[in-house]
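For reference, the structure discussed in these notes is given below.
The values are calculated or read from the model by the stated rules, or taken from the named source; none is laboratory data. As the structure is a prediction and not an experimental result, all values here were calculated from the model. Virtual Cβ from ideal backbone geometry, glycine too; neighbours counted across all protein chains shown. Heads up: the accessible areas ignore ligands, DNA and RNA and are worked out on the full protein's heavy atoms, side chains in. Shrake-Rupley method; radii C 1.70, N 1.55, O 1.52, S 1.80 Å.
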Amino acid sequence: MFASFFEYDFLFKSLLAVLFGSITAGIAGSYIVAKKMVFLSGGITHSSFGGIGIAYFIGMSPVLGAACFGVASALGIQYMASKQKVSEDSAIGFLWAFGMALGIIFVYLTPGYTPDLMSYLFGSILTIHNTDLIALAILALILLFFFMRYYRLILYVAFDEGYARTFSSRVDLFKYLLIILVSLVIVLNIRIAGVVLVLSLLTIPPNIALLFTGNFAKMIIISIIAGFIGMLSGFVASWYLNIPTGATIIFTLVLLWVISRIVTRRRWE
Amino acid sequence: MSTLIELKNISASYNGDPVLENVNFSIREGDFIGVIGPNGGGKTTLLKVILGLIKPTAGEVVYNREKLKKNRIGYLPQIAEGDINFPVSVKDVVLSGLMIIKGHSARMSSEDRKKADYVLQELGIHHLSNKSLNKLSGGELQRAYLCRALIGSPKLLLLDEPGNFVDTSFEQGFYEILKDLNETVTIMMVSHDVGTISTYVKSFACVNRKLHYHDSGRITTEQLKAYDCPIQLIAHGDVPHTVLKRH
Ligand SMILES: Nc1ncnc2c1ncn2[C@@H]1O[C@H](COP(=O)(O)OP(=O)(O)O)[C@@H](O)[C@H]1O
Ligand SMILES: [Mg+2]
């Protein structure tokens, strides 16, 4: 009985992770895909690995380390790009490799065995901690609130920043808030898909959505649903086939995209 | 006629390079001002100063708050910065013209949508309401952005080279629409085509670092020279006309 409760508990936790993961990735992913910020998000993802490495070394929570690095690099890239001293894609390329290098060096320097490392690289939904799950749930709530309350503003800032400045003096504030939220989504979903795969978790569902709609709000909703279906089926498949979850989830998401592409094909011809 | 906006001793610059110097100018209610001047003369900058998008380095912009709340200015930018591949429909783009009235947490009501339908109808692109921007021609896109400027029923309309992308077949009709609008809306329009717009405008503002206001819809080459405003007049009609490159 104890064993079955235990099994029930971590399956339930994984299910919650899939739910909150698809909500957060669906919302943040729609924003970065529509605004063409995927490369920037890749930079945030990989530089956050530097935070994971340093956190291991000094013995703090890897997720917290990744969050600090992710947010700092996001703000750094935006700031550098807005001041036009460095081109944005160069700044991203720089932080991308620098974060990975830092991470590798500090993990190497950390004495003893680092059992969780693989789970940060490739994800491990089954071993997700309660604190990570709670953080993911809170982030999902914040995103839902933020995007419902400020939907029009977010849409118009993302679509035409210059015009948005004619009706709002807080365009930069909102841009920075959004990029901070995006980095937190990336970092907290690293537990699910890992540094190597998390970007697909954010980008595949919105691209599935774009096959069905040209409306930003519908794009977000379809992304969340597609993400949930893809992640859940990937999770179940990996469980029965006993293969790595993160990779399986990406596989099922791609499969879902292919199916959607075939289903919607007639519309585009 | 009362003054809507007064520019007092305005100077503006980018990174220290002066673009506008000592501009003194009043926008009077009911005027239809053609803003002309050479490329790089500061026309766009002038509009942005009026909108509060650029802070002048000297001087001040005084708004007549009784006549003109700040949210009653409609704006058509010279360069549309919106990404035409963004997942947004024409109607939603038009609705963004209401944001200045509705605020940061705006919800669009069915009444707002009716307003959008109305302006889209007026400009003849209602059938494109639900299309993405990448399905539109240059002229249709320009009209959509004009709808965005008009939806909030502005008291003052700032148009930065609206003729640029509008197909020639629509151009005359477009100016006729503006002329009708001008019965209730004050208009300030940047244009290169002095010849064409002189049929419609009531006055000219010649902008070339300095601003010279010319209180008539007729302007001659000599006057332009006197205003230090080196642009060519394009003759229309029977006279063989100079075709200027579109900017
Ligand atoms: N964002 C900017 N940064 C630096 N210089 C600018 C900027 N915008 C305009 N300029 C310069 O200011 C001058 C005036 O520009 P502008 O107001 O756009 O002229 P116009 O609209 O009359 O063609 C030009 O020399 C232009 O190069
Ligand atoms: Mg200009």
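Based on the Cβ-Cβ distance of A:Phe39 and B:Glu60, what FRET efficiency does E = 1/(1 + (r/R0)^6) give at R0 = 35 Å, to the nearest 0.05?
For A:Phe39 and B:Glu60, the calculated efficiency is 0.25.
Using the Cα centre of chain B as origin and beta-carbon charges of +1 (Lys, Arg) and -1 (Asp, Glu), tell me which of B:Pro38, B:Val94, B:Tyr200 is placed farthest towards the positive end of the dipole.
Looking along the dipole axis, the top candidate is B:Val94.
Can you tell me which of B:Ile33, B:Ile79, B:Ile125 moves the most in a GNM of chain B? Springs connect C-alpha atoms under 10 Å apart.
B:Ile79
Could you give the length gained by full extension between A:Leu109 and A:Val263, i.e. 0.36 nm per residue of separation minus their alpha carbon distance, to one decimal place?
50.4 nm
Within 10 Å of each Cβ in peptide B:125-134, how many partner chain Cβ atoms are there on average? Round it to a whole number, please.
Going residue by residue through B:125-134 and averaging, the value is 1.
Leaving out same-chain residues fewer than 8 places away, which aspartates and glutamates sit with a Cα under 14 Å from that of B:Lys155?
Excluding near neighbours in sequence, the set is B:Glu29, B:Asp31, B:Glu66, B:Asp180, B:Glu183.
Which FRET efficiency value, to the nearest 0.05, is calculated for A:Val86 and A:Ile243 with the Förster distance at 35 angstrom and r the Cβ-Cβ distance?
Here the calculated transfer efficiency is 0.25.
Can you pull the mean other chain C-beta count within 10 Å for peptide A:149-160?
For peptide A:149-160, the averaged partner shielding equals 6.
Here are some pairs, B:Lys8/B:Lys55; B:Lys102/B:Lys210; B:Lys69/B:Lys225; B:Lys43/B:Lys202; which of them have Cα atoms lying more than 25 Å apart in this structure?
B:Lys102/B:Lys210; B:Lys69/B:Lys225
Compute the helix-to-body angle for B:138-150: its Cα long axis versus the longest principal axis of chain B, expressed 0 to 90° and rounded to tens.
For helix B:138-150, the angle is close to 90 degrees.
Determine the shielding of peptide A:166-172 by partner chains: average, over its residues, the number of Cβ atoms on other chains within 10 angstrom of each Cβ.
What the average comes to for A:166-172 is 5.
Could I have the simple spin-label model distance between A:Ile134 and B:Asn130, label points 7 Å from Cα toward Cβ, reported in nm to one decimal?
Taking the two extended label points, one gets 4.6 nm.
Sorting B:Tyr118, B:Tyr14, B:Tyr145 by accessible area (1.4 Å probe), largest first, what list results?
Solvent-accessible surface, decreasing: B:Tyr118, B:Tyr14, B:Tyr145.
Which one of A:Ser82, A:Ser124, A:Ser14 has the biggest mean-square fluctuation once chain A is modelled by GNM with Cα springs under 10 Å?
The residue that fluctuates most here is A:Ser82.
So which helices of chain A fit the span-like rule, where a helix is a whole DSSP H run, its Cα atoms reach 27 Å or more along the axis, and its mean Kyte-Doolittle is at least -1.0?
Membrane-span-like by this rule: A:2-34, A:38-58, A:62-82, A:88-109, A:130-149, A:171-212, A:216-241.
Can you order the peptides B:3-13, A:192-202, A:218-228 by their average number of other Cβ atoms within 10 Å per residue, highest first?
In decreasing order of mean packing, B:3-13, A:192-202, A:218-228 become A:192-202, A:218-228, B:3-13.
When the solvent-accessible surface of protein heavy atoms is calculated with a 1.4 angstrom probe, in what order do A:Thr45, A:Thr127 fall, highest first?
Descending accessible area places them as A:Thr127, A:Thr45.
If you put +1 on each Lys and Arg Cβ and -1 on each Asp and Glu Cβ, how big is the dipole of chain A around its Cα centre, in Debye rounded to 20?
800
7 Å from Cα along Cα→Cβ at both A:Asp172 and B:Glu111: what's the point-to-point distance in nm?
Calculated label separation equals 3.6 nm.
So for B:Ser109, A:Ser48, what's the accessible-area order with a 1.4 Å probe, most first?
Descending order: B:Ser109, A:Ser48.
Between A:Phe12 and B:Thr3, what is the label-to-label distance in nm when each label sits 7 Å out along the Cα-to-Cβ direction?
Result for the modelled spin labels: 7.2 nm.
Choose one answer from B:Gly97, B:Gly173, B:Gly37: the residue with the largest mean-square fluctuation in a GNM of chain B with alpha-carbon springs under 10 Å.
B:Gly173
Students often get this wrong: which residues of region B:24-48 have the backbone nitrogen under 11 Å from the point 7 angstrom along Cα-to-C-beta of B:Asp180?
none
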